[in-house]
Each structure stands twice: as structure tokens, then as C-alpha cells.
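Scroll down for the structure; my scribbles are underneath it.
Read-outs throughout are calculated quantities, based only on the coordinates presented, and are distinct from any laboratory measurement. This structure is a prediction, so every number in the text was calculated from the model and none was measured. Using ideal geometry, Cβ is built from the backbone for each residue, glycine included, and neighbour counts are taken over all protein chains shown.
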Amino acid sequence: MSTPKTEKDLHLPLSRVKTIMKSSPDVEAVGPEPLYLVTKVTELFVIDLAKRAFKTSKANMLEYKHIAEVVQEDDTLDFLREIMPRKITVRQFKEIMNKKAAKGDHSEDESSDQSSEESSSEESSSAEETNEQD
Amino acid sequence: MAEKLEDLNLPMTVVTRIVKEALPEGVSISKEARTGLAKAASVFVLYVTSAATNIVKNKKRKALTGQDVLDAMRDIEFDRFVEPLGEAFEQYKQVASVRKSGANKKKEEGDEVEIVEDD
């Protein structure tokens, strides 16, 4: 038997969408019509989001950062900002921290630099000593 | 009702399939992107639901209707979905009415056509 068109073009499980809808505090019953429409629009939404994200991709690859970028740029996607933050690399993080440190007070940085220099010079001198003893 | 926490998330495999169908062939989707899209879709369901129930509350009604979902699109500034969603709604209503008459015919055979209403 052939599936009716409305179900054929739906992929998301209606029962799951219903469960999520019902987890909303003000929702008691969900009729078939609103359930169908919420399911349908969620599909439209996820396709739209993926397509827009893919546009920002330079390779043939859709990555998290592309989606996060769209989410952070588009104000109507504000509801996703908390769950999809921009991710940064360790290097970027260090650069940001360095900039912050450069703007802020320097005393802390200088003291830590000094101490690391001291310890390294100690190590090298002790290494020399052992060499001489041999 | 939601018994497990996973029940409040849309299945990632299904979301990925939908996205793959929509993107050009051969595009690979990283695992993080898949998880992200599934999460985004799940949160979107709640977002739309809450926008639609706000309309219901403001109109001092109780039951959520299909029209409320359509109207909610404008409230959350997703106007671009109003048209395709409206079309889908029309189709749905047509098919639903065809099914109803079909179900009446089939009643004698005891072959009931069920429309998504599981409680």
C-alpha cells in the first residue's frame, strides 16, 4: 500500500515531536494538526539552517563552526545561541588571553617570566656541574 | 510522556538524513555538526511550541490549533516559513479529508485508518 503524501514527506517521528511539545509547561493536549505543522516546520528549519551553514563552508564539508557562525550572526536564531556557542582553538584562546594581559597590568606576567628564567638558568648550571664532575 | 531524557531529543540519524537530502550530494557532515543540528531542531520544537501557546493564551483559548502554529511563525520572525508551511497545511487537510472518507468505506472490512493520535 502506498503511503499518503503527507506522511511520505515527513521524516521526523511525530511521537517524539509530540513528547517534546508536551514537555512544555503550558501544553496539555496536542492535536494532529498542530503536531503535523510543528513537525513540518522543524524540518524546514533544520534544512534552512544546514543550507545556510553550508554556504559559509569552503570545502565539501559541513562542520559545527559553520552552523555556530550562522546562529551567532542571525538575531532570529538567538534561542540557539546558548546551545551553539562559537568554538575557538587553543591558539585563538591564548591570543585573546595575551591581548587581555597586555591591556591589564603587567606585574604578574613579569614576575612569572622572571621565575621561569631563574629556574631554567639553575637547571643549566647544575647540568654543567655534573658534566664537569664526569 | 518523556520517560528518558533522550525522549526529549529528536533522533540524530533522522535529522542527518533530512539534512543530507537537502544538501548537494557528496557533502560530508561532521559528527559535531550532526549533533548540533539535531539539538537545534529539538530546541526549535520547543521554541515554536511556546510561541504558539502564547498566542493561545493571549486569545484566552485552551486548545492549540494548526493556525496558531502558522501565526507563531510571524511572532518569532520566521516569516519565510509561513508560505511553505501554509501549503503543507493545505495538503495535509486535503489528505486528511480523503482519508476520512476512505476510512468510512473501509470500516466494513475492519481496516481502520489511523490518523496520528496516540492518546
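Overview of results
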item: Cβ-based exposure ranking for B:76, A:67, A:96, B:29, in which fewest neighbours within 10 Å come first; result: A:96, B:76, B:29, A:67
item: Cα→Cβ-extended label distance, 7 Å offset, between residue B:28 and residue A:89, nm; result: 1.9
item: Other-chain or far-sequence residues with amide H under 5 Å of residue A:62's (modelled H); result: B:28, B:29, B:30
item: The range B:1-69, relative contact order in percent, only Cα pairs under 8 angstrom and at least six apart counted; result: 29
item: Average beta carbon contacts from partner chains per residue of A:71-82, 10 Å cutoff; result: 3
item: Inter-chain Cβ neighbour average for residues B:10-19, partner chain, 10 Å; result: 5
item: Relative contact order of the range B:33-110, pairs being alpha-carbon contacts under 8 Å that are 6 or more residues apart, as %; result: 20
